[in-house]
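Structure record follows, encoded as C-alpha cells.
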Amino acid sequence: MPPPPDPAILRGMPLFAGLDAGALAEAVALARPRRHPRGTAVFAQGEPAAAGHALIDGRVKIVQTGPDGQQVVMRFIGPGEMFGTLAIFTDGLYPADAVAVADCVELSWPAAAMTELMDRHPAIARNALSIVGGRLRELQNRLREVATERVERRIAHALLRLVRQAGRRVEAGVEIDFPLSRQDVAEMTGTTLHTVSRTLSAWEGQGIVESGRQQVVIRKPHALVAIAEDLPPVPDRG
Amino acid sequence: MTVSDMTMADLMSARPAVVPVLLRHGLACPGCAMAPFMTVREAADAYGLELGVLLADLAAADSSGSDAGDDQSPASEGGFRNPRARIALPEACRPSESDDDRMGCADGERSFIGYLL
C-alpha cells in the first residue's frame, strides 16, 4: 500500500481543475491509493461499479468485450485522467475491463465519496461533464470513421489520437510512449490484426512508421497526417 | 530560440494570428496532433514550402490578436512585436533559408528582414 498521497498529486488533473487547496485536500483524504502491476485488472466488465477512478501513473487500457467475444479497445487512459467513473451515475456496472498495460498507481473514490465531493464542490461535476463531453466527441468521430472511412485512414487517425495523448518527441520522430500492440490498434479501429499488420508494414516500407513488437514511432509525422486527413500527397524532395 | 525552431503548437499559442497564415499556405497544423512535436522548419519541409517565404509571411501576420506586453512570449525574439512586421515584403525581398547574401535587396532592407527573422 503506497503512503497516503499528497494533495499536490491532484494538481493538473482535469477532474479537479479550479479547486482550491482545501478542496483538493478533502478530495485526496477520501481517495484510496492502489498499485496495479502491469498486466493486472483494475476492474472488470460487468462488475458492480463501486468507485470512481483516476490514474496517477502508468497506463490503463479500457477494453469492452461483446457477446461474441470480440474485443474493442475503447481508449487508453494516461496519468491524470479519470476512468470508470461514469458507471456510478448510470447502471452501476463497469461497462468495460480496465487493464494496467504498465505498472500503475491509481486513486479511487467510493461511489458515496465521489457523489459527496461533487455535491460539495460542483466544479468537480462540471469538470467531469467536460471530460465526458470530450470523450463523447471523440467516440462520435470514431463512429463516423468506422462508418465512412477506409481502413488506412482509421488506423492513421487512431495513431494520431494516441500521439495527442501520449506522444513524445524522439530523435527518429514521434513515439507513442507506452506499450501498444498491433492487436490493440486492430481493436481500436474495428479491423483485423491482419489488416493492421499489412497496413503498418506498407507504411514501414515507405518510412512513415517504425514499429517494434510493442512500440510505435512515427518517422514521418506529416505523411501520417496526410493519410488521416486525405491531404494532397507530400512532395518528395529527396 | 528562432521562430524556425519553435514547435508549431508553441508558435500558434504564442501568436494566434499566424493560424490563418498557416491555413492560407495549406498547412493542416492548427488542431493537429503532431503540432506540439514538429518545428516550423520541419513543417515547411514536410509541405515542400520554402522556409524563408513561410517565415516572412508568419512574421507579417497581424499582431493584434495577442496581448501586448506579454513578454513571456517566445515570439518576441522573432520580432513579431515590431509594428513594422506588418509591412508586406515584396516577393524578391523574402529571405530563403540560407542565402541571406543573395536576396537582391538593398542592405537596409536585408538587415530589416534579418531583424524580423
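Table for the structure above
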{"quantity": "Test result for A:Gly39, in a loop (DSSP other than H, G, I, E, B), surrounded by fewer than 20 Cβ atoms within 10 Å (Cβ to Cβ), in contact with a strand residue (DSSP E or B) (Cβ under 9 Å, 6 or more places away or on another chain) and of a type outside the set (A, V, I, L, M, F, W, C)", "calculated": "yes"}
{"quantity": "Near pairs, Cβ below 8 angstrom, 6+ apart or cross-chain, from region B:24-36 (at the interface with another protein chain (Cβ under 9 Å from one of its Cβ atoms)) to any residue that is among the basic types (Lys, Arg)", "calculated": "B:Ala33/A:Arg161; B:Ala33/A:Arg164"}
{"quantity": "Qualifying positions in region A:31-56 - modelled with pLDDT of 95 or more, among the hydrophobic types (A, V, I, L, M, F, W, C) and over 15 Å from A:Gly80 (Cα atoms)", "calculated": "A:Ala41, A:Val42, A:Phe43, A:Ala44"}
{"quantity": "Residue check, A:Ala98 assigned by TED's automatic domain parsing to the domain that holds A:Glu26 and either surrounded by fewer than 22 Cβ atoms within 10 Å (Cβ to Cβ) or assigned to a loop (DSSP other than H, G, I, E, B) (or both)", "calculated": "no"}
{"quantity": "Tally of residues being in contact with a strand residue (DSSP E or B) (Cβ under 8 Å, 6 or more places away or on another chain), in the same structural domain as A:Ala87 (by TED's automatic domain parsing) and closer than 22 Å to A:Leu231 by Cβ across region A:128-178", "calculated": "1"}
{"quantity": "Tally, over region B:37-52, of residues that are over 22 Å from A:Arg161 (Cβ atoms), at the interface with chain A (Cβ under 8 Å from one of its Cβ atoms) and assigned to a loop (DSSP other than H, G, I, E, B)", "calculated": "2"}
{"quantity": "Subset of region A:199-227 (residues that are over 15 Å from B:Ala46 (Cα atoms) and either within 11 Å of chain B (Cβ to nearest Cβ) or loosely packed, with under 14 Cβ neighbours inside 10 Å (or both))", "calculated": "A:Ser201, A:Ala202, A:Glu204, A:Gly205, A:Gly212, A:Arg213, A:Gln214"}
{"quantity": "Enumeration of residues in region B:4-23 that are within 14 Å of chain A (Cβ to nearest Cβ) and either free of Cβ contacts under 8 Å to residues at least 40 places away in the same chain or among the acidic types (Asp, Glu) (or both)", "calculated": "B:Asp5, B:Thr7, B:Met8, B:Ala9, B:Asp10, B:Leu22, B:Leu23"}
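This table checks each residue for (1) acidic (Asp, Glu); (2) within 14 Å of another protein chain (Cβ to nearest Cβ); (3) farther than 30 Å from A:Pro232 by Cβ.
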{"residue": "A:Leu117", "(1), (2), (3)": "no, no, yes"}
{"residue": "A:Val132", "(1), (2), (3)": "no, no, yes"}
{"residue": "A:Glu138", "(1), (2), (3)": "yes, yes, no"}
{"residue": "A:Thr148", "(1), (2), (3)": "no, no, no"}
{"residue": "A:Glu152", "(1), (2), (3)": "yes, no, no"}
{"residue": "A:Ala172", "(1), (2), (3)": "no, yes, no"}
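The values are calculated or read from the model by the stated rules, or taken from the named source; none is laboratory data. It should be emphasised that the depicted structure is a prediction, and the values quoted were computed from it without experimental measurement. As a convention, Cβ positions derive from the backbone with ideal geometry for all residues, glycine included, and neighbour counts pool all protein chains shown.
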